[in-house]
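Read through the structure below, which is laid out as C-alpha cells, and then see the notes.
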Amino acid sequence: MSVILGIESSCDETGIAVVKNGREVLANELASQIDVHKVFGGVVPEIASRQHTKIISQLVAQVLDSIDEPIDAIAATQGPGLMGSLMVGLSFAKALAYSWKLPFVPVHHIEGHLFSAFLGEKAPEFPFLSLVVSGGHTQIIQCHAPHNYEILGTTRDDAVGESFDKVARLLDLPYPGGPSIQKASATGNPTAFDFPRAMRQKGNLEFSYSGLKTAVLYAMQAGEVKVEDVAASFQAAAIDILLIKIKQAIQQTGATQLVIAGGVAANQLLRDRATTELDVEVFLPPFKYCIDNGAMIAAAGHSRFEHGLIGDFGTTPNPGLPLQAS
Ligand code: KG4
Ligand code: ZN
C-alpha cells in the first residue's frame, strides 16, 4: 500500500498526480503548453522549460491540497526528453523529497507510458507485449517482468507521432498533428491515395515513417488535393503499418496480452482496429493517460518503489536515457 507523487515534465506537458497502489489515481493535474507552441508549429525547448518553471509549484500545491493521504515517495521523469524540461521536474522532485525526507524515484518516460495501462479498469499481468507509440518513440517491447524489458523493434527514422505532426504541418493543420489529422480524416476518403506501408516484410519488426511523409509531400505537389482525403489516407497507412507489425510480433512471441500506450494510442482508428482485429487481450489506457501525464510516472514509480529501486539525489536528467533491464 503506497501513495506516490508523480512528476512528468519531459516535453510540453507539466503533469502532476498522486496514485495509490499503482492503480488508483487520487489526484491528477495537467498543464498543457499547446497554445504557447502552436504558433511555432512544434515545441520550442527553451519556451517549454520556462513554462514548466512557471507552473510547477502551483500545480504540485494544487494536487497535494486535494488529497488526504500521506505521500510515501516522489517519482519524476529522468529521461528521455528535452534537457531543460526534464531538469525542472527532476530538480523539483529531488528538492521536495530531500526536504520531506522521502525516497526519490527516477522513472524512464517510456516505462511511465507502459504503466499507464495499469490505470484502466482492468490491468495486464506480466509478461506482456507492448506497442509504445508517441511523438518520440515507435517501439514494440516485450515486457518480461516489471523493469525487465526487451525492445523487439523500433523506428529507423521518424516516430509515428512525429509523422502525424509533420504531415499536419504539410497540410496546414494545427499542432499537435495527431488530433487534428484524426479530425480532418473523419470527412475524408481513406482510399483516395495509396500511400506506402514501409518495411512490411515478415520477420522484421522495424518501422520507418519518413517515406510516408515524403509520399504525402509528393501527393500535395502533384496538384489540387482535398486535405481531408490526404489526412484520411495518411492516417490509414500510418495505423496500418502499426497493425501489420504488431500482428507479426504477436505471432513471433505467442503473446496473449498486448498493451498499447503513448500519445498515438489516443487515435480512434488504432483503438478500434486493435480491439477488433487482434487475437490477444488488448489493454488501452484511458484517453487522458495516453498523452504525457503525471499519473503514469507515479504508477511506474510505485512499482520501482515496491521493488526497492530507489534513486539518489545525485541522479541527473538524461535526454537519451536508454530503457534497460534493471
Ligand atoms: O506520448 P506523448 O504525449 O508525448 C511523447 O512522449 O512524445 O505523444 C504525443 C504524440 C504527438 O506526436 C501527437 O500528435 C500524438 O501523440 N497524438 C496522436 C493523437 N493524439 C496525440 N496521434 C494520432 N492520433 C491522435 N488522436
Ligand atoms: Zn510520452
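The values are calculated or read from the model by the stated rules, or taken from the named source; none is laboratory data. None of these values were measured; they are calculated from a predicted model. For neighbour counting, all protein chains shown are included, and Cβ atoms are generated from backbone atoms with ideal geometry for every residue, glycine included. Keep in mind that these areas ignore ligands, DNA and RNA; they rest on the heavy atoms of the full protein, side chains included. Shrake-Rupley method; radii C 1.70, N 1.55, O 1.52, S 1.80 Å.
Sort out which residues of the range 175-206 are over 25 Å from the mean Cα position of the chain (by Cα) and of a type in the set (A, V, I, L, M), and write them in order of number.
Ala192, the sole residue that qualifies.
Residue by residue through the range 51-90, note down the ones that are among the hydroxyl-bearing types (Ser, Thr, Tyr) and either over 24 Å from Pro319 (Cβ atoms) or touching a strand residue (DSSP E or B) at 6+ places or on another chain (Cβ under 7 Å) (or both).
Ser66, Thr77
Just the residues that are open to solvent by less than 10 Å² (accessible area, probe 1.4 Å) and within 16 Å of ligand 1 (Cβ to nearest atom), please, taken from the range 91-109.
The answer is Val107, and nothing else.
From (1) over 18 Å from Ala299 (Cβ atoms); (2) in contact with a Cys (Cβ under 6 Å, 6 or more places away or on another chain), pick out the condition that doesn't hold for Met87.
The failed condition is (2).
Considering only residues that are open to solvent by 10 Å² or more (accessible area, probe 1.4 Å) and within 16 Å of ligand 2 (Cβ to nearest atom), which ones fall in the range 280-296?
Once the filter is applied, which keeps residues that are open to solvent by 10 Å² or more (accessible area, probe 1.4 Å) and within 16 Å of ligand 2 (Cβ to nearest atom), the range 280-296 yields Leu284, Pro286, Phe287, Lys288, Tyr289, Ile291, Asp292.
Residue by residue through the range 242-269, note down the ones that are within 16 Å of Gln142 (Cβ to Cβ) and part of a helix (DSSP H, G or I).
Lys245, Ile246, Lys247, Gln248, Ala249, Ile250, Gln251, Gln252, Thr253
Are there any pairs with C-beta distances below 8 angstrom linking a residue in the range 291-319 that is under 12 Å from Leu119 (Cβ atoms) and at pLDDT 95 or above to a residue that is open to solvent by 60 Å² or more (accessible area, probe 1.4 Å) and not charged (D, E, K, R), with the two at least 6 apart or on different chains, and if so which?
Asn293/Leu30; Gly294/Leu30
I'm trying to understand the selection: among the residues of the range 302-326, which are surrounded by 14 or more Cβ atoms within 10 Å (Cβ to Cβ) and not β-branched (Val, Ile, Thr)?
His302, Ser303, Arg304, Phe305, Glu306, Leu309, Gly311, Pro317, Asn318, Pro319, Leu321, Leu323
One line per residue, one yes/no per condition, for (1) loosely packed, with under 15 Cβ neighbours inside 10 Å; (2) within 14 Å of ligand 1 (Cβ to nearest atom); (3) under 12 Å from the mean Cα position of the chain (by Cα); (4) not in a strand (DSSP E or B):
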site: Glu111; (1), (2), (3), (4): no, yes, yes, yes
site: Phe115; (1), (2), (3), (4): no, yes, yes, yes
site: Glu121; (1), (2), (3), (4): yes, no, no, yes
site: Phe126; (1), (2), (3), (4): yes, no, no, yes
site: Gly135; (1), (2), (3), (4): no, yes, yes, yes
site: Ile151; (1), (2), (3), (4): no, no, no, no
site: Asp158; (1), (2), (3), (4): no, yes, no, yes
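Ala299 is checked against (1) outside any loop (DSSP other than H, G, I, E, B); (2) open to solvent by 10 Å² or more (accessible area, probe 1.4 Å) and fails just one. What number does that condition carry?
(2)
Specify which of the listed residues (Pro285, Pro317) is in a loop (DSSP other than H, G, I, E, B), of a type outside the set (Ser, Thr, Tyr) and farther than 22 Å from Asn21 by Cα.
Result: Pro317 is the single residue among Pro285, Pro317 that is in a loop (DSSP other than H, G, I, E, B), of a type outside the set (Ser, Thr, Tyr) and farther than 22 Å from Asn21 by Cα.
Which one is modelled with the lowest pLDDT, of the residues in the range 9-53 that are assigned to a helix (DSSP H, G or I) and aliphatic (A, V, I, L, M)?
Taking the candidates together, the pick is Ile34.
Listed here are the residues, each with its yes/no results for (1) more than 16 Å from ligand 1 (Cβ to nearest atom); (2) surrounded by fewer than 17 Cβ atoms within 10 Å (Cβ to Cβ); (3) within 19 Å of the chain's Cα centre (by Cα).
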residue: Glu228; (1), (2), (3): no, no, no
residue: Phe234; (1), (2), (3): no, no, no
residue: Ala237; (1), (2), (3): no, no, no
residue: Ile241; (1), (2), (3): no, no, yes
residue: Lys247; (1), (2), (3): yes, yes, no
residue: Ile250; (1), (2), (3): yes, no, no
residue: Val264; (1), (2), (3): no, no, yes
residue: Leu278; (1), (2), (3): yes, yes, no
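With the structure loaded, tell me whether Arg169 is closer than 19 Å to Asp35 by Cα, open to solvent by 40 Å² or more (accessible area, probe 1.4 Å) and either at pLDDT 95 or above or of a type in the set (Lys, Arg) (or both) or whether it fails that test.
For Arg169, the condition - closer than 19 Å to Asp35 by Cα, open to solvent by 40 Å² or more (accessible area, probe 1.4 Å) and either at pLDDT 95 or above or of a type in the set (Lys, Arg) (or both) - is met.
Which one of Gln201, Gln182 is more than 16 Å from ligand 2 (Cβ to nearest atom), within 19 Å of Ile260 (Cα to Cα) and open to solvent by 20 Å² or more (accessible area, probe 1.4 Å)?
Gln182
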